[in-house]
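Below is one structure, written out as structure tokens, with a few remarks after it.
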Amino acid sequence: MDYKGWIQQNYLRCFEENLFSIGIIDQGSDPAYQTIEKEEPNGFLRLLLKDECLVGAEGLNVERVQPGVFLSLIRKRIPVSNHRHVLLSQPKKIAYWLMQQWCHRQAV
């Protein structure tokens with residue numbers, strides 16, 4: 001297996017705050033990237049896409065999210081752009097579903 005590089009990943013829990021960041025979280029002014037985000041009462045979820053794939057995710061106090069699945073979506077370059085808004089509204093459920101769909105396609 002070839003080494004494909006390292007993907008930045010951070011998770012911090014301090015008092016009652018939960019913060020995570022995975023992959024690219026600052027694209028500057030590059031128009032090739034698309035940022036979508038959702039504000040929550042005490043936090044936010046921000047997803048960064050490029051070429052139909054998730055390349056970064058960042059969240060603060062987001063319920064119903066599993067950062068490790070975002071890492072898998074990034075690492076495997078699974079296309080998410082057709083499902084980006086529902087991924088933002090139901091991150092855990094849709095991220096698992098996307099992984100399942102990708103694994104099923106690979107097995108066929």
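The values are calculated or read from the model by the stated rules, or taken from the named source; none is laboratory data. On a predicted model such as this, the values are computed, not experimentally measured, just so you know. Methodologically, a virtual Cβ is constructed for each residue, glycine included, from the backbone with ideal geometry; neighbour enumeration extends over all protein chains shown. Each accessible area value is taken on the protein alone, full model and side chains, heavy atoms only, with ligands, DNA and RNA left out. Shrake-Rupley method; radii C 1.70, N 1.55, O 1.52, S 1.80 Å.
Filtering the range 6-24 for residues that are open to solvent by less than 100 Å² (accessible area, probe 1.4 Å), over 21 Å from Val65 (Cβ atoms) and either of a type outside the set (Ser, Thr, Tyr) or under 16 Å from the mean Cα position of the chain (by Cα) (or both) leaves an empty set.
Can you find even one residue in the range 32-47 that is over 26 Å from Gln100 (Cβ atoms), surrounded by 15 or more Cβ atoms within 10 Å (Cβ to Cβ) and either among the small types (Gly, Ala, Ser) or touching a Phe, Trp or Tyr at 6+ places or on another chain (Cβ under 9 Å) (or both)? Looking for residues that are over 26 Å from Gln100 (Cβ atoms), surrounded by 15 or more Cβ atoms within 10 Å (Cβ to Cβ) and either among the small types (Gly, Ala, Ser) or touching a Phe, Trp or Tyr at 6+ places or on another chain (Cβ under 9 Å) (or both), one finds at least one in the range 32-47, hence yes.
For the range 48-67, a residue qualifies if it is open to solvent by less than 40 Å² (accessible area, probe 1.4 Å) and modelled with pLDDT under 90, and the qualifying residues are Val62, Val65, Pro67.
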